[in-house]
Amino acid sequence: MSPVAGRRVRALERSPVERTTRLAAGEALALVAARLRAGADPGRAWSGIEVSDDGPAATVHAAERLARELGAPLAEVLDEVAAGVADDEAAEAERRAALAGPASTARVLVWLPVGGILLGLVLGAGVLGVALDGRIGSVCAVVGVLLLAAGRAWTRLLVRAARRA
């Protein structure tokens, strides 16, 4: 069990068992394993625990079946499952943190042209006159909008692919 999960389990064990505690899947499994090692029966070990996400229900059922078939202590099997689930949760958090930078950069880059146009208007440049002149300024404005849309779509595809990976 990780040191962080261990501290959370000890803190939660001091609280009344009847109170419902909302936990991440890895923390819930670690807490149940600790209760089982302390001598609680499986029904009592799960009481008062609510998993905050969908949770690894199928993994837990597989662990219970494995422990029953092999005669292995359920607490030890759940500890191993909890470690795997906690690793998955940590990897997902790292993935979200890694994608936050590119996603926010893409949002800023979308708004930069708008800021440039507003700055040009404030400084008195004839930005709208050039963009709407029907000649090269209009062509540049249309090409700029198309490139902006293409860049935004490309960034969405990259972020989506990174999330799936």
Residue in segment 33-50 that is nearest to Glu76 (Cα to Cα), counting only those that are modelled with pLDDT of 85 or more and within 29 Å of the chain's Cα centre (by Cα):
Ala33
Pairs under 8 Å by beta carbon, first residue of a type outside the set (Lys, Arg) in segment 128-147, partner not in a helix (DSSP H, G or I), six or more apart or different chains?
Ser138/Leu132; Ala141/Leu132
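Residues are listed down the side, and each one gets a yes or a no for (1) surrounded by 11 or more Cβ atoms within 10 Å (Cβ to Cβ); (2) under 25 Å from Asp88 (Cα atoms); (3) out of contact with any helix residue (DSSP H, G or I) (no Cβ under 7 Å at 6 or more places or on another chain):
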| position | (1), (2), (3) |
| --- | --- |
| Leu99 | yes, yes, no |
| Pro113 | yes, no, no |
| Gly120 | yes, no, no |
| Ala131 | yes, no, no |
| Ile136 | no, no, yes |
| Ala141 | yes, no, no |
| Ala149 | yes, no, yes |
| Arg152 | yes, no, no |
| Arg163 | yes, yes, no |
Checking the structure you have, find out if any residue of segment 18-31 is at pLDDT 80 or above and farther than 18 Å from Ala93 by Cβ.
yes
Which condition number does Arg95 fail, the rest of (1) without any contact (Cβ under 8 Å) to a residue 60 or more places away in the chain; (2) out of contact with any Leu (no Cβ under 7 Å at 6 or more places or on another chain) being met?
(1)
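The values are calculated or read from the model by the stated rules, or taken from the named source; none is laboratory data. It should be emphasised that the depicted structure is a prediction, and the values quoted were computed from it without experimental measurement. Cβ: placed from backbone, ideal geometry, glycine included. Neighbour counts: every protein chain shown.
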